[in-house]
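Before any comments, here is the structure.
The values are calculated or read from the model by the stated rules, or taken from the named source; none is laboratory data. As the structure is a computational prediction, the values presented were derived from the model and not from experiment. Every residue, glycine as well, gets a Cβ built from its backbone with ideal geometry; the counts of neighbours run over all protein chains shown. Just so you know, the surface numbers come from the protein's heavy atoms only, side chains and all, with ligands and any DNA or RNA stripped out. Shrake-Rupley method; radii C 1.70, N 1.55, O 1.52, S 1.80 Å.
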Amino acid sequence: MASGTSNSRPTLDTIVALCKRRGFVYPAADIYGGINGIYDFGHLGTLMKQNIRALWISSLANKRGEIVQIEGALLGPEAVWKASGHIDGFHDPMIDCKACKKRFRADEINLEKGCQSCGKKDWTDVRNFNMMFKTELGALESAASTAYLRPETAQSIFVNFKNVMSTNRVKIPFGIAQIGKAFRNEITPKQFLFRMREFEQMEMQWFCKQDNAPEEFASWTEQRLGFYKALGINQDRIRIHEQTKDELAHYSTSALDIEYEFPFGWKEVEGVHHRGDFDLSEHSKHSGKDLGIFDDETKESYTPDVVECSVGVDRLFLTFLFDAYQEDEVEGEKRVVLKIHPAIAPIKLAFFPLSKKLEEPLRKLYEFYAQRGISVQFDSSGSIGKRYRRQDEIGTPFCITYDFDSEQDHCVTVRNRDTTKQERISIEKLPEYLGF
Ligand code: GAP
């Protein structure tokens, strides 16, 4: 049985090492030395991200209105980012150390203390650094060909607002959800998947009447907190931080951060923002296309308000890993276990034949699950104890061992990751026992 659960929390290095060792995440272009703030996901990471995306989409369902989805382009013309305010307002303060040439975000360091790298106090002026990646489309360099990689997925939703309304028969209030890449040229990408230059966002823009926006904001906050609770996130490590006026992004009327207590402090995982009618009004003004809608009740046109829920897939992925990672002792041996919610676990079931001779009959059971789209692994090498450890480390909720008795009694041993308890279950009853 598992005993002596260690209370000490994993460090960032522990999580990075686990991710690389077990193939969750690799540095992008690893064989060329990697690229700062950009990562590739391996098999387990890919499966886990797919689970996170699917759970997020289903978590948006509500009785107040419909949610439709889009998948917008990553590149947008300069006009979009001018209208959205990102060209003028999406920057971080940057400062360089003249002595060692290291670059910092000026709001993240104490300038009085001197350079973190060389200790000197020889700073450049603070300059504003726009965080968008700029590029040129085609062969001609002109204002018309300038494009930017999107720094938030939200703008694809705002510029498609009319298209979505006219093709989906939706009525206010309703939401448009999107999962996709976003790009920010962070001055100092750090803490692994926490602050990246290329990352993925899951955003939902909820369009509602202005009068209802405060109530919708409260409902969405509650619904989003429910998402973390349902997926087993330690509730002592989740809190809300209401943004002060100084912290608000240029588009926000009010906003709060859902924060998680990482080993490097309380940090935002998700933002809930009331964006007012800022985006639709600005795009109406700049594009010359009226994005207002007609209210059948009042017989007047109005521009809806937006309540936005925005979370990074990668940052959430990191949160789940930090929250689930534990070290305990099983039969006198240290084990690393990811006590991650089964719905998020990349592998749901692992199959172990006790001997090579038993591989063939067990393969049938393995294929039964694999063909139903359940992510499974088959492992026939090493002692059963070692195979358990391999699965514990990647968070597999159940391991199934097929032994010589299984041939006769048509039962398998099912071992539970969290309790390490083993039960003999008839193969016929397995789906009922496991719940899938
Ligand atoms: N549309 C609103 C928006 O983009 P944000 O607070 O800038 O708001 C929303 O970002 C979420 O996106 C964050 O809470 C975080 O989860 C994720 N995110 C933002 N920047 C990120 C980065 N550099 N690396 C990883 N995730 C990031």
With all protein chains present, how much of the accessible area of the chain (probe radius 1.4 Å) comes from carbon and sulfur, to the nearest whole percent? 49 percent
Local electrostatic count at residue 84 - Lys and Arg +1, Asp and Glu -1, tallied over other residues with Cβ under 12 Å: -1
Paramagnetic reach from residue 64 (point 7 Å along Cα→Cβ, amide N under 14 Å) across region 225-245: 225-226
Nothing charged except the Cβ atoms of Lys and Arg (+1) and of Asp and Glu (-1): what's the magnitude of the dipole of the chain about its Cα centre? Round to the nearest 20 debye. 1160 debye
For residue 334, list the aspartates and glutamates whose Cα falls under 12 Å from its own Cα; do not include residues on the same chain fewer than 8 positions away. 392, 393
If the chain between residue 160 and residue 188 were fully extended at 0.36 nm per residue, the gain over the current Cα-Cα distance would be 6.8 nm
The extension gain from residue 11 to residue 88, computed as 0.36 nm times the residue separation minus the Cα-Cα distance, is 24.0 nm
How about residue 171: which lysines have a C-alpha closer than 16 Å to its C-alpha, ignoring those fewer than 8 places off in the same chain? 63, 162, 209, 299
Counting DSSP beta bridges with both partners in the chain, what percentage is antiparallel, nearest 5? 85 percent
Mean-square fluctuation check for the chain, GNM, Cα pairs under 10 Å: which of 194, 129, 264 is largest? 264
What nm distance separates the two modelled labels at residue 139 and residue 219, each placed 7 Å from Cα along Cα→Cβ? 5.5 nm
What is the extension gain from residue 54 to residue 370, computed as 0.36 nm multiplied by their sequence separation minus the C-alpha to C-alpha distance, in nm to one decimal? 111.9 nm
Between the modelled labels at residue 122 and residue 423 (7 Å from Cα along Cα→Cβ) the distance in nm is 6.9 nm
What's the local net charge at residue 40, with K and R +1, D and E -1, over the other residues with C-beta under 12 Å away? -1
Rounded to 10°, Cα long-axis angle of helix 278-287 versus longest principal axis of the chain: 60 degrees
So for the pair residue 242, residue 383, with labels modelled 7 Å out along Cα→Cβ, what separation do we get in nm? 5.7 nm
Lone cysteines in the chain, defined as no other cysteine's Cβ under 4.7 Å from theirs: which are they? 19, 208, 309, 399, 411
Cα pair distances of region 140-206 binned at 10 Å [whole percent]: 18, 36, 28, 16, 2
Placing +1 on each Lys and Arg Cβ and -1 on each Asp and Glu Cβ in the chain, then taking the dipole about the Cα centre, the residue among 430, 87, 406 whose Cα reaches farthest towards the positive end is 406
Whole-percent tail of the Cα-Cα distance distribution for the chain, cut at 30 Å, equals 53 percent
Let's test the formula: R0 of 45 Å, r as the Cβ-Cβ distance of residue 209 and residue 105. What FRET efficiency results, to the nearest 0.05? 0.70
Kirkwood hydrodynamic radius of region 191-256 from all distinct Cα pairs, in Å? 14.5 Å
Treating only the Cβ of Lys, Arg, Asp and Glu as charged (+1, +1, -1, -1), what charge dipole size does region 1-118 show about its Cα centre? Round to the nearest 20 debye. 380 debye
Which residue, 271, 288, 395, has the most motion in a Gaussian network model of the chain that connects Cα atoms within less than 10 Å? 288
